[in-house]
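Worksheet for the structure shown next.
Readers should treat all values here as calculations from the given coordinates under stated rules, not as data from a laboratory. The structure displayed is predicted, hence computed values, not measured ones. Note that we place each Cβ from the backbone using ideal geometry, even for glycine, and neighbour counts take in every protein chain shown.
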Amino acid sequence: MPSNSPGTSAPAKKVHTGTAHFQNESRRHEHIAPDLEEWGIFKLLDKRDEFVKELEAESYERILEEHGGKLNDLLSKTLFSEQRRTKEEPWKVDPPKERKFWKKLAKMLATHSLDEDEVTTADKAARNILQKIVHRYADEIVGHFKIPTFKFARRFLTFFFGRLLNAADGRSFKSLFSKRILLEERLLVRGYVNEVRELSKRGTVVFCPTHFSNLDSILIGYAMDQVAGLPAVSYGAGLNLYNTGYTAYFMNRLGAYRVDRRKRNPIYMTTLKAMSKLIIAHGVPSLFFPGGTRSRSGALETKLKLGLLGTAVEAQRQHYEDGTDQKVFIVPVILSYPFVLEAQFLIEQHLQKEGQDRYIKAKDSFHSLRSILKFIWGVFSKGNKITIALGRPMDVLGNRVEADGKSYSKSGRQVRTSDYFRDQHGKINRDYQRESEYTRMLGDHIVERYHADGIVLPSHLVSYAAFGMLEKTFPGNDLYALLRLPPEDFYFDEQGLNSVVGQLRDRLLLLNKEDCVKLSKELYDSPEEIIRQGIESLGNFHIDKPLRYDKEDRVVCDNFAMLHYYHNRLSTFRLKRYVNWPVKLVRDERVEDEFFSELKAEDMLD
């Protein structure tokens with residue numbers, strides 16, 4: 001590998017400024033591969049048994065390569081953890097006679113002596129046990145893809161997302177089933193869509209989304225198929241989702257591979273990573289969340305888990321080892337929700353973990369049948385838009401990629417990705433330490449594009465401004481002291497909120513010019529209109545509103561923890577230092593008057 005940037009030193013190469021264009025408008029695209037039998041995921045899983053064997057062989061060799069010298073120790077620890085799992089945490093989805101299987105293997109391992117005369121026999125026995133374990137894991141992980149099930153899921157999700165995102169024409173239950181579904185007007189796919197469509201024809205695309213909701217996988221998969229016109233992707237789904245009959249039926253037939261988070265042993269993790277690598281190497285578009293789990297705080301991910309991300313780097317090197325120039329393209333995907341269905345649950349988890357005894361949980365919002373019905377009606381009757389931004393494509397080193405598949409460095413010079421995988425003699429070689437560093441670099445570039453290509457919505461800006469005003473009102477309080485304040489005692493000064501939103505918007509406009517952030521078209525309206533639109537969408541799906549207008553048209557908050565969650569979407573941009581905070585929260589004096597009136601009434605009764 002060249003010491004500096006591979007492939008960039010040749011003087012004949014011209015500087016390329018880039019032709020990729022971020023599309024801020026969303027439209028429905030014609031499908032690039034309307035025949036489902038031509039999809040990579042169908043071709044791969046149509047020969048599932050062959051692929052399982054390939055996965056077994058890949059995993060087995062990698063495990064011996066990394067743990068061959070201490071195979072018995074690895075097997076002992078794995079068998080012990082699996083026996084404990086089957087006893088303490090069994091699931092319905094587990095294979096039949098699960099405990100018996102692991103107990104039998106443990107007995108087999110224990111009965112083989114390690115005397116000097118029998119070392120060869122013991123080694124063969126250990127390898128035989130390893131093969132059995134790897135086969136069980138591989139067969140469990142690999143899913144199926146059934147075209148009839150996929151087509152049914154398309155129709156069902158069209159109805160589901162249409163009802164979730166379209167405003168009801170009337171205020172009646174009947175209106176929920178109107179046939180006027182304009183999904184592409186509510187489920188918006190923006191960003192480098194044309195480039196991703198072209199790259200999907202030239203190589204293998206790996207989507208790396210932000211993660212906020214349990215809906216993310218289904219939402220992105222559906223949007224890529226029905227709005228962006230791209231083939232189905234393979235993605236990992238938690239094995240716990242297979243515990244219920246209906247969910248298991250669909251998940252098991254839609255190309256997802258199964259991930260059991262109870263299993264943390266090296267044999268399982270190696271098999272899982274081998275699965276991801278082989279899927280990409282076979283040219284199947286893939287999706288995984290490099291953040292690892294949903295963002296509990298509501299902030300954009302800044303630290304990524306690099307395990308599965310590294311499989312894309314390995315798959316690219318594998319192509320070059322096999323003598324092919326097929327490229328792997330990485331596409332950051334940024335979800336912009338005006339709301340998150342699980343927001344209250346997520347932020348409470350985050351605050352309890354970070355604050356421990358300093359955080360006091362608020363009362364449960366679902367305290368009456370009326371509240372529950374109000375929430376359900378809010379879900380189905382309010383019109384909302386969800387934005388999915390396809391970030392600027394890159395190769396597995398983080399270099400910018402144009403629609404023609406060519407890579408360019410930051411200086412604009414074309415680079416050959418294959419040069420990054422050569423040794424000092426110019427030969428493609430395997431170097432895990434080097435590839436680990438490439439993976440770290442790739443993770444940094446993905447985080448950068450999360451911020452640069454994520455679309456800021458009015459709800460993000462208004463909640464960030466409002467919580468900032470709360471912080472400036474009580475500068476001596478830490479976060480947990482702020483969250484203990486009674487929100488019903490305060491409202492937000494109208495002029496102050498307008499001023500803060502305006503200043504923040506102006507700062508975001510500057511960042512937009514520097515390619516550091518993208519803005520929704522609503523952010524070009526007046527601060528008053530931004531506030532109105534932000535509050536309107538922010539409160540749709542929550543009983544305790546992060547922000548709302550009261551009867552006197554004042555901006556108030558029902559739950560400061562929820563406001564903090566939505567504020568966090570912009571927290572990593574560190575915008576507060578650019579704001580002059582002229583006006584703070586206003587205490588509602590009538591609350592105190594009502595309090596003393598109640599005390600006086602009680603005294604009179606006594």
Additional length obtainable on full extension of the chain from Ser411 to Ser436, 0.36 nm per residue less Cα span:
6.6 nm
Simple label model, 7 Å out from Cα along Cβ direction - Glu354 to Tyr549, nm
3.2 nm
What ranking, highest mean first, results for peptides 440-449, 145-154, 422-431, 232-241 when packing means the other Cβ atoms within 10 Å averaged over each residue?
232-241, 440-449, 145-154, 422-431
Which pairs in the list Lys263/Lys303; Lys77/Lys263; Lys100/Lys124; Lys201/Lys327 are over 18 Å apart, alpha-carbon to alpha-carbon?
Lys263/Lys303; Lys100/Lys124
May I ask you to compute the full-extension gain from Lys104 to Asn128, defined as 0.36 nm times their residue separation minus their alpha-carbon distance, rounded to one decimal in nm?
7.3 nm
Which of the aspartates and glutamates could a cross-linker bridge to Lys146, judged by Cα under 20 Å and excluding same-chain residues fewer than eight apart?
Asp35, Glu37, Glu38, Asp46, Asp49, Glu50, Asp225
